[in-house]
């Protein structure tokens with residue numbers, strides 16, 4: 001873990017590497033406001049661990065890491081400050097000499113990777129004209145859909161979501177991609193987002209709308225958390241009507257034991273780091289391993305098979321999908337050559 005005050009921006013920069021057992025650590029660059037830089041540190045540590053498990057379960061030969069640019073509540077993020085902060089982070093990432101690699105995350109996007117690439121080639125998902133694969137929202141959404149269909153096959157006996165009500169909490173690039181995919185196959189899609197301006201877009205697309213505070217408790221067959229993490233706890237889980245919960249939001253559980261609470265209520269929860277692996281699987285396959293688009297897309301679709309394997313193991317061993325996924329990841333981490 002490295003914590004540094006940017007010499008250009010003066011902002012707190014954090015890079016956390018959780019594991020390099022399977023290969024170089026990968027994890028996105030998060031730029032957001034925190035009450036203190038220590039909160040940013042906690043975010044980086046938690047997310048870097050999740051990245052280790054995400055890569056291991058997905059069969060990727062990479063470890064887990066995360067970088068954070070921590071902005072306080074009193075500092076205005078002007079374009080010059082943003083560029084300075086990214087240059088500071090690029091310099092820090094370069095010092096890892098390829099053992100930590102990054103990509104977009106909350107608060108950053110493909111154009112920001114162009115700035116990081118001034119210092120290190122290990123910034124993925126830059127725009128295609130700059131040699132990257134661009135926005136990872138599409139592959140991430142495709143991975144969520146693959147995970148969702150595998151979960152639906154287990155819960156409902158049919159991978160198709162035709163006629164089922166799906167509530168998607170978070171209507172950003174990934175949530176909207178999941179919504180479009182589900183609507184195309186005949187699902188009744190209801191969406192929610194803290195950004196009120198997205199309501200008009202959702203309604204114009206033919207989706208239902210539910211206010212953010214009611215998204216988790218809205219009547220549904222399937223719930224897709226696609227916004228912030230920390231939404232599943234002792235208070236919210238009893239309100240969930242859906243039998244299947246699968247989505248890309250990171251760190252959905254406030255505590256690991258909430259996985260047991262979900263199982264006790266008969267709710268199948270697909271671990272978030274499994275469902276959200278499509279973006280990283282596609283980008284690393286294309287940009288680091290030289291896969292064609294078709295081969296990389298196949299790797300994304302394989303997330304469905306991974307979910308089936310996890311649910312099979314959970315059923316066979318009488319444990320939760322979370323623990324089953326952890327067992328698969330830990331097996332790989334203990335024997336990297338396998």
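The values are calculated or read from the model by the stated rules, or taken from the named source; none is laboratory data. Being a predicted model, the structure only gives us computed values, none of them experimental. Cβ coordinates were reconstructed from backbone atoms using ideal geometry, including for glycine residues, and neighbour counts include every protein chain displayed.
Being free of Cβ contacts under 8 Å to residues at least 40 places away in the same chain and surrounded by 22 or more Cβ atoms within 10 Å (Cβ to Cβ) is the filter here; which residues of the range 175-186 pass it?
Hits for the range 175-186 are 176, 179, 182.
Just to confirm my filter: which helices (runs of 4 or more DSSP H) fall fully inside the range 197-313 and include at least 2 residues that are at pLDDT 95 or above and surrounded by fewer than 21 Cβ atoms within 10 Å (Cβ to Cβ)?
198-204, 258-264, 293-301
Go through the range 114-131 and count every residue that is over 18 Å from the mean Cα position of the chain (by Cα) and surrounded by 15 or more Cβ atoms within 10 Å (Cβ to Cβ).
Qualifying residue count for the region: 8.
Scan the range 162-190 for residues that are over 14 Å from the mean Cα position of the chain (by Cα) and modelled with pLDDT under 95 and jot them down.
185
Looking at the range 318-338 only, could you name the residues that are over 26 Å from residue 20 (Cβ atoms) and in contact with a helix residue (DSSP H, G or I) (Cβ under 7 Å, 6 or more places away or on another chain)?
Those that are over 26 Å from residue 20 (Cβ atoms) and in contact with a helix residue (DSSP H, G or I) (Cβ under 7 Å, 6 or more places away or on another chain): 320, 321.
For residue 65, state whether it is crowded, with 24+ Cβ neighbours inside 10 Å and over 27 Å from residue 282 (Cβ atoms).
no
Among 4, 32, which is in a strand (DSSP E or B), buried (at least 16 other Cβ atoms within 10 Å of the Cβ) and in contact (Cβ under 8 Å) with a residue 60 or more places away in the chain?
After applying the criteria, what remains is 32.
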